[in-house]
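First comes the structure, then the notes that go with it.
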Amino acid sequence: MNKCTALVTRTANEYATNAVNHIVANFEKKSREYFFCRFSDQDDDWYLRNSSVNERKRLSQYAYEKAAAASPEWPTKLKASVAKTSIDTYASTVQLGPTPINDSSLSAKAHLYLPWMFKVLQRLEQKVFIKEPKAQSYVTRGYIYRHLKEVECRNRLYHASL
């Protein structure tokens, strides 16, 4: 019986350590993805209609830093006109947890950041199709690579059926 208790205790401690490590490692990245998702969702109040995907990514970085009480710098050279006050308002409406946020505060008080992480992961599980405001006039390497595999596969199937 004593060995089982020791095993359960050790497993619980490892689980707690892994949960803290997960929060420290993924908090900023997932929070930025949350802002990016909200800025890219056409059905969301935060949708930035005329901003490119790259601009939305830079604005999501700014919004995270603003919400985390870091020293954010407004992105330069934005082609779309996005009001800084609106992004500041979005950032002020979220409660990430105790601020300022850094690795040591995340590690020491991980349980206080769990409600935000739960909200973030719920939002990220929703399927959001991220599109550019205007269709691109060029094809990316990634698009070609993904579709080239389909063409090669279809050619092999076609030649095999002959």
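Points to keep in mind about this one:
- Residue pairs meeting the criteria (Cβ under 7 Å; at least 6 apart or on separate chains; first more than 11 Å from Val120 (Cα to Cα), in the stretch 19-45; second part of a loop (DSSP other than H, G, I, E, B) and among the aromatic types (Phe, Trp, Tyr)): Ile23/Tyr113; Phe39/Trp46; Phe39/Tyr47; Asp41/Tyr47
- Residue among Val24, Val20 that alone is in contact with a Leu (Cβ under 7 Å, 6 or more places away or on another chain), at pLDDT 90 or above, surrounded by 10 or more Cβ atoms within 10 Å (Cβ to Cβ) and more than 30 Å from Phe129 (Cβ to Cβ): Val24
- Scanning the stretch 47-62 for residues that are of a type in the set (S, T, N, Q) and assigned to a helix (DSSP H, G or I) yields a total of 3.
- Total residues in the stretch 13-43 satisfying the condition of being under 18 Å from the mean Cα position of the chain (by Cα) and in a helix (DSSP H, G or I): the figure is 20.
- Considering Arg49, Arg10, the condition of being over 18 Å from the mean Cα position of the chain (by Cα), surrounded by fewer than 18 Cβ atoms within 10 Å (Cβ to Cβ) and touching a residue at least 24 places away in the same chain (Cβ under 8 Å) is satisfied by Arg49 alone.
- Within the span defined as the stretch 91-104, one or more residues are touching a residue at least 60 places away in the same chain (Cβ under 8 Å), in a helix (DSSP H, G or I) and among the acidic types (Asp, Glu).
- Of the set (1) under 22 Å from Ala19 (Cβ atoms); (2) in a loop (DSSP other than H, G, I, E, B), all apply to Val120 but (2).
Residue-wise test of (1) modelled with pLDDT under 70; (2) over 27 Å from Trp46 (Cβ atoms); (3) not polar (S, T, N, Q).
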{"site": "Ser104", "(1), (2), (3)": "no, yes, no"}
{"site": "Tyr113", "(1), (2), (3)": "no, no, yes"}
{"site": "Met117", "(1), (2), (3)": "no, no, yes"}
{"site": "Glu125", "(1), (2), (3)": "no, no, yes"}
{"site": "Val128", "(1), (2), (3)": "no, no, yes"}
{"site": "Lys134", "(1), (2), (3)": "no, no, yes"}
{"site": "Leu148", "(1), (2), (3)": "no, yes, yes"}
{"site": "Ser161", "(1), (2), (3)": "yes, yes, no"}
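- Those residues of the stretch 63-82 which are surrounded by fewer than 17 Cβ atoms within 10 Å (Cβ to Cβ), in contact with a Ser or Thr (Cβ under 9 Å, 6 or more places away or on another chain) and either basic (Lys, Arg) or not in a loop (DSSP other than H, G, I, E, B) (or both), in sequence order: Lys79
The values are calculated or read from the model by the stated rules, or taken from the named source; none is laboratory data. All values derive from a computational prediction rather than experimental measurement. Cβ sites come from the backbone with ideal geometry, for glycine too, and all protein chains shown count toward neighbours.
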